[in-house]
Every structure is written in C-alpha cells, then in structure tokens.
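Visitor: Below you'll find the structure I mean.
The values are calculated or read from the model by the stated rules, or taken from the named source; none is laboratory data. The structure displayed is predicted, hence computed values, not measured ones. So basically every Cβ, Gly included, is an ideal-geometry build from the backbone, and we count neighbours across all protein chains shown.
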Amino acid sequence: MSKPIIFITGNANKFEEFKTILGKNFPREVESIKVNLREEQGEIEEICVAKCRAAADMVQGPVIIEDTCLCFNAMKGLPGPYIKWFVEKLGPEGLYKMLDPWEDKTAEVICTFGYCDGGPEDPVLLFHDITKGTIVSPRGPQDFGWDACFQPLGSDKTYAELSKEVKNQTSHRTRALEKLKEHLMKNVKY
C-alpha cells in the first residue's frame, strides 16, 4: 500500500476545492496537513520548488504544494507571490484601491502546484495555469481571499459571485490541478 499524497495547506476552503476538482474517482488517498514552511522570496517557480522540497523532506513522502499569485499588470506583476500578506492587511477593498493611481486594472492569477514523490533525489515538478481578468470594486462574499475583487476575463461576475461549481469549471486552480492530476494518473505508482 502506497503512502497517501499529502497536500500541504492550512486553508480548509482550498483543500475542499482541491478534493472537488480531483474528483471522487481519483485512485490515491490524499490528506491535508498544515505545516509552517519557511516563506521563500523570489520568483514563483523558485518559491514553489523550495516549498515543495522542504515539505517533502519534512513529510518524507509524496507531497503537493500550491501557490497562487495575483499579479497586477500596472504594478509589473506585484503583489504576485506575496498576495497572501496583502490580502491579510488590506482585504479585497484595499487591493482594489491600490490600483487607484493607474488606469490599467488588468491582472493575472497564476496558480502553481508543486509535486514531489518525497525522496531526496526526486525532482519537484511544477504545473501551472493563468487566468486573466480585472481588479474591480469588491462584490460578493469576502470570505475567500481576493475572490471578491477579481473578475475573470469574459465574465460579468467576480469569483466570489460565481457558484463554486462554475468557478471550479473555469479557474486557474482547476486547470493547473488537471495537469497535475493527469501526471499522477500516468506516472505515480499506486
């Protein structure tokens, strides 16, 4: 019997969304644990590789980490991988107001999953996807990060205004996770 894959997150909403996207027929057991990993600085790929390697070393088994960046085009990609702290301090309204000095309110959300089988020589594999959109005055529930102020391109609703089902069908997290799921279905020993 193989070890369960451990998804490293302390965010219950994120883990529920993760399990929903994986689906009931996913053939491996997946568990979630909260681990306080050192917060890395750098570009998203560097951050994800470092986080995944640290998690694999700690768990000594297969791990998945996820990192989401919210990148304002007017600010040349900031807040990017540091969005968690911006949301904690400013909330969705503050994020929206950050762009007051600029006409350009466009943004990209980049979701990156890192996976490692857990051995010290096993590589960290990255799977990512991007959703383009606009930063708007917050609408909808404000209980899931910046969802209330991000309106995906082609939609008249923010992520917070969309049902979970609709959001999960089209989100950056879904598409990145589908890439990871495809890899796991083809390559991981059961």
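Visitor: What tally of residues in segment 1-43 results from selecting those that are in contact with a Leu (Cβ under 9 Å, 6 or more places away or on another chain), aromatic (Phe, Trp, Tyr) and farther than 18 Å from residue 147 by Cα?
Guide: Adding up the residues that qualify gives 1.
Visitor: Of everything in segment 92-137, what is among the aliphatic types (A, V, I, L, M), within 27 Å of residue 22 (Cα to Cα) and not in a strand (DSSP E or B)? Give them in sequence order.
Guide: 124
Visitor: Of the residues that sit in segment 132-144 and are out of contact with any Pro (no Cβ under 8 Å at 6 or more places or on another chain) and modelled with pLDDT under 95, which one is surrounded by the fewest Cβ atoms within 10 Å (Cβ to Cβ)?
Guide: So the residue we want is 143.
Visitor: In segment 69-79, what residues are of a type in the set (A, V, I, L, M) and crowded, with 21+ Cβ neighbours inside 10 Å?
Guide: If the condition is that a residue be of a type in the set (A, V, I, L, M) and crowded, with 21+ Cβ neighbours inside 10 Å, then 70 is the only one that fits.
Visitor: Does residue 129 fit the bill of being surrounded by fewer than 21 Cβ atoms within 10 Å (Cβ to Cβ), among the charged types (D, E, K, R) and free of Cβ contacts under 8 Å to residues at least 40 places away in the same chain?
Guide: No; evaluated as a whole, the condition is false for this residue.
Listed here are the residues, each with its yes/no results for (1) surrounded by fewer than 17 Cβ atoms within 10 Å (Cβ to Cβ); (2) under 14 Å from residue 43 (Cα atoms); (3) touching a helix residue (DSSP H, G or I) at 6+ places or on another chain (Cβ under 9 Å); (4) without any contact (Cβ under 8 Å) to a residue 60 or more places away in the chain.
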{"position": "67", "(1), (2), (3), (4)": "no, yes, yes, yes"}
{"position": "81", "(1), (2), (3), (4)": "no, yes, yes, yes"}
{"position": "89", "(1), (2), (3), (4)": "yes, no, no, yes"}
{"position": "97", "(1), (2), (3), (4)": "yes, no, yes, yes"}
{"position": "104", "(1), (2), (3), (4)": "yes, no, yes, yes"}
{"position": "112", "(1), (2), (3), (4)": "no, yes, yes, no"}
{"position": "117", "(1), (2), (3), (4)": "no, no, yes, no"}
